[in-house]
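Heads up, the thing below is written out as structure tokens.
The values are calculated or read from the model by the stated rules, or taken from the named source; none is laboratory data. What you are looking at is a predicted structure, and each value in this text was computed from that prediction instead of being measured. All Cβ positions, even for glycine, are placed from backbone atoms using ideal geometry, and neighbour counts span all protein chains on display.
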Amino acid sequence: MTANSIQQINRVMLLACAPFLGMLIWLLFVSLHISIPTWTPAASSPVNFHQETLTMNSLLTQANNDAVQTKTIIQQYFQLYEKSTAEVTTMLQNAAAQALKPGLIYDARITAKLGSPLRQASSGNIDIQLYALNEKNYTGYALKVNLKSDKAVKLVLGNDKLGSSETTLAAASRYGALVGINAGGFADDSRGRRYPLDTTVMNGKYVNGFFPTNNDTAFIGLNKDRKLIGGKFSSQADLDKLNPLMGSTFVPVLLKNGSKMTIPYQWQSSPARAARTVMADYKNDQLLFLVTDGYNESGNSGATLAELQDKMQQLGVVDAYNLDGGGSTTLVWGGSVINRPSDGKLRPLATNFLFFK
């Protein structure tokens, strides 16, 4: 809400309170004085009971008239106050609607660049829309996500166990999630156990400790306000300043504040093209995931990271990070796999993002 909107609302509140305050001030200065004389019989004069009774009745009648008048005035003030309150409520509603307009206009503008949604869902937890991407050199999907509560998103380990793995479809089905997307990279040990790559945070806790940036790796996740955070971190203290709630690690950073970041040489050519998963955000903190198709691991199909940088700038993205791709790239909606996994089948992963209606 702008400063002008706040000033307008303050003026309206003063206007609404004025009649009520005026009534209170009036009551402080207006008082009813009813003098009822004390009757003391005089020994030397006869008692005139009839006259005293008339006087008393006259005073009581005057007091009653004053009370009725006071009640009428109070009722009038309360009627005025109720009317003013109704007018203030209407004005506040109008002010709130005006304050929302810039956000609605911005949302309409960024949504128009994505086209018509293939699927969409909305609830008190989330607004989510799925769009098709049909570019010259690649195809894929865009997923626009507005997180409205903490219940809308989770980062989960494969089978909820460190060292285990499961497909994005299996994780989404097990949790009853509407949408699932692959998350960070992984590393396998000699016994075939699959561990998340480097720093991984779940529910505000470091799953396997903190790992400083190595070979351009980046942490990618959400903070406790459900806003996208990410980048290179040399110490846990630096990452803790961003209040991470969840996140995983991969490489590289693609956009920062709308500007392209330099893509490390090995990621420009190995592979040149691939299935990709990108996590990004808009300036209103809504999330955008880009998922592109690649037909195999040869590097001849899919998107280059440079092409995705161009596309995200075109879509008005602020920050963007590359998640695990290739055979890991998976997008699930409503129990069905939407994209075409480049392995020809789903790959079991160490971490997945899940979204709930």
Practice problem: Being among the charged types (D, E, K, R) and modelled with pLDDT of 95 or more is the filter; apply it to the range 297-339 and report the residue that is surrounded by the fewest Cβ atoms within 10 Å (Cβ to Cβ). | Solution: Asp310
Exercise. Please go through the range 84-106 and pick out each residue that is at pLDDT 70 or above and out of contact with any Lys or Arg (no Cβ under 9 Å at 6 or more places or on another chain).
Key: Thr85, Ala86, Lys101, Pro102, Gly103, Leu104, Ile105
Quiz item: Which of the residues that make up the range 262-273 are more than 23 Å from Leu114 (Cβ to Cβ) and assigned to a loop (DSSP other than H, G, I, E, B)?
Solution: Thr262, Ile263, Pro264, Ser270, Pro271, Ala272
Exercise. Scan the range 274-295 and give yes if some residue there is assigned to a loop (DSSP other than H, G, I, E, B), crowded, with 21+ Cβ neighbours inside 10 Å, over 31 Å from the mean Cα position of the chain (by Cα) and assigned by TED's automatic domain parsing to the domain that holds Lys148, otherwise no.
Key: yes
Exercise. Please indicate, with yes or no, whether at least one residue in the range 127-136 is touching a Gly at 6+ places or on another chain (Cβ under 6 Å), on the phi < 0 side of the Ramachandran plot and assigned to a strand (DSSP E or B).
Key: yes
Self-check item: Residues (closer than 25 Å to Asn203 by Cβ and β-branched (Val, Ile, Thr)) located in the range 302-357
Solution: Thr330, Val332, Thr351
Exercise. Report yes if some residue within the range 294-314 is touching a strand residue (DSSP E or B) at 6+ places or on another chain (Cβ under 7 Å) and among the β-branched types (Val, Ile, Thr); otherwise report no.
Key: no
Quiz item: Across the range 307-357, what is the total count of residues that are among the aliphatic types (A, V, I, L, M), over 23 Å from Ser270 (Cα atoms) and in contact with a Lys or Arg (Cβ under 8 Å, 6 or more places away or on another chain)?
Solution: 3
Self-check item: Residue satisfying condition, being touching a residue at least 12 places away in the same chain (Cβ under 8 Å), in contact with a Phe, Trp or Tyr (Cβ under 6 Å, 6 or more places away or on another chain), in the same structural domain as Val318 (by TED's automatic domain parsing) and surrounded by fewer than 19 Cβ atoms within 10 Å (Cβ to Cβ), within set Gln268, Gln236
Solution: Gln236
Practice problem: State whether the residues of the range 180-196 include one that is surrounded by 17 or more Cβ atoms within 10 Å (Cβ to Cβ) and without any contact (Cβ under 8 Å) to a residue 60 or more places away in the chain. | Solution: no
Self-check item: Qualifying position, being small (Gly, Ala, Ser) and farther than 29 Å from Gln266 by Cβ, among Gly176, Gly163, Gly192
Solution: Gly176
Quiz item: Out of the range 197-255, which residues are assigned to a loop (DSSP other than H, G, I, E, B) and of a type in the set (Lys, Arg)?
Solution: Lys224, Arg226, Lys227, Lys232, Lys241
Practice problem: Among the numbered conditions (1) assigned to a loop (DSSP other than H, G, I, E, B); (2) more than 28 Å from Phe356 (Cβ to Cβ); (3) hydrophobic (A, V, I, L, M, F, W, C), tell me where Ala187 comes up short. | Solution: (1)
